[in-house]
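Read through the structure below, which is laid out as structure tokens, and then see the notes.
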Amino acid sequence: MPLRPGRSLVIAGALAACGPRARPTRPTPTPAPTPEPAAPTPTAAPAATRFAYLGGSASYDVRSESSVEMTAGPDAERGRERATVTAQVTYELTPSARGPVAVRGQVDALSMDASSRIGGATPPPAEPVRFQGWIDGRGPRLDAQGAVFGCVGPAGTAQAAGIAAAREAALYVPAIVAVSAKWRDSATVVTCRGPVPTTVTTVARYEITAIDGARVQVRRETTLRMRGQAIAGGRSVSVTGTGEGTAAIELDATLGRLTRIDGDMRATVTVTLPDGARAFAQQIHTEVRRRP
């Protein structure tokens, strides 16, 4: 049967409605660009600082505490002994244009206290212990001024302790200092291990760890060797030993002065007598503080 025109239009419309519908095309959104992280701002290294010892006086309190324990030897001699040395060190500095810094000073208020087995309290010297020397690239060189009493008797003991305290309060610093800068110095001195004159050789290595304005922080690592021999109490005595230690040091670049030192040293010492050897372990803590 032929389709009527009206019906044909209705069927055509229905088929069109059943077919897929054309969807409108929408623009694809473009993703926003991801911002790149900002480059880190480089941190400038602290600028180098000049350090120069200024002429004039400087004064320090020095305190050294040590403990000694026998690690090998007769049981009857075993035990831990302690000793403390305190002193006030004052010196005058005289810089020169190109040469070393001259040092001249004295040690006052020297006090030495020890366990009874290693001497007990030593009477303070009747006069200040005077010293002189210089500071240059090899380190400080300080020696007794005037008569040298050696290691015999209270006068010799006091003089040796006073010069040792003075050496603790002096050190060489290069003219230009910056973080991570390093230097070293060495010294060979004769000191006293009891009544035995002992040659002590030290090598010190320094590194600047921080600079905050005028304050300069320094780390020091020290190694030492010692050797001595003498006749004491009618017996031949020899001393040998090694040690190592570290110290935290603070300098004031504006004042051109050492400010403080906190150091620790550990040493092993062997004392050989006719009846055999004794081995000792020694620990030393040293504090140096600049007086106002």
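The values are calculated or read from the model by the stated rules, or taken from the named source; none is laboratory data. This one's a predicted model, so the numbers in the text were calculated from it and none came from an experiment. Using ideal geometry, Cβ is built from the backbone for each residue, glycine included, and neighbour counts are taken over all protein chains shown. Each accessible area value is taken on the protein alone, full model and side chains, heavy atoms only, with ligands, DNA and RNA left out. Shrake-Rupley method; radii C 1.70, N 1.55, O 1.52, S 1.80 Å.
Being open to solvent by less than 30 Å² (accessible area, probe 1.4 Å), in contact with a His (Cβ under 8 Å, 6 or more places away or on another chain) and closer than 29 Å to Gln88 by Cβ is a property that Gly263 has. Looking across Gly139, Gly146, Gly105, one residue alone is at pLDDT below 95, within 23 Å of Ser57 (Cα to Cα) and open to solvent by less than 30 Å² (accessible area, probe 1.4 Å). It is Gly139. If you check Ala281, Ala247, which single one turns out to be in contact with an Asp or Glu (Cβ under 8 Å, 6 or more places away or on another chain) and open to solvent by 20 Å² or more (accessible area, probe 1.4 Å)? Checking each option against the conditions leaves just Ala281.
The set of residues in the range 73-98 that are open to solvent by less than 40 Å² (accessible area, probe 1.4 Å) and over 23 Å from Gln159 (Cβ atoms) comprises Gly73, Gly79. Taking every residue in the range 89-101 that is farther than 21 Å from Gly162 by Cβ and pairing it with any residue that is open to solvent by 60 Å² or more (accessible area, probe 1.4 Å) and assigned to a strand (DSSP E or B), at least 6 positions away or on another chain, the pairs with Cβ-Cβ distances below 6 Å are Pro100/Trp134.
Each residue in the range 189-234 was checked for being open to solvent by 30 Å² or more (accessible area, probe 1.4 Å), among the hydroxyl-bearing types (Ser, Thr, Tyr) and modelled with pLDDT of 95 or more, and 5 pass. Within the range 175-187, residues that are farther than 27 Å from Thr198 by Cβ reach partners that are open to solvent by 50 Å² or more (accessible area, probe 1.4 Å) and among the aliphatic types (A, V, I, L, M) with beta carbons closer than 7 Å, at six or more positions or on different chains, in the pairs Ala175/Ala52; Ile176/Ala48; Val177/Ala48; Ala178/Ala48; Val179/Ala45. Scanning the range 177-188 for residues that are under 14 Å from the mean Cα position of the chain (by Cα) and part of a strand (DSSP E or B), we see that the one that is surrounded by the fewest Cβ atoms within 10 Å (Cβ to Cβ) is Lys182. The strands (runs of 3 or more DSSP E) found entirely in the range 218-292 that carry 2 or more residues being acidic (Asp, Glu) are 235-252, 257-273. Quick check: is even one residue across the range 51-64 touching a Pro at 6+ places or on another chain (Cβ under 6 Å), at pLDDT 90 or above and exposed (fewer than 15 other Cβ atoms within 10 Å of the Cβ)? The answer is yes, given that some residue of the range 51-64 is touching a Pro at 6+ places or on another chain (Cβ under 6 Å), at pLDDT 90 or above and exposed (fewer than 15 other Cβ atoms within 10 Å of the Cβ). Put simply, of Ala39, Ala48, Ala32 the only residue that is modelled with pLDDT under 95, open to solvent by 50 Å² or more (accessible area, probe 1.4 Å) and in contact with a strand residue (DSSP E or B) (Cβ under 7 Å, 6 or more places away or on another chain) is Ala48.
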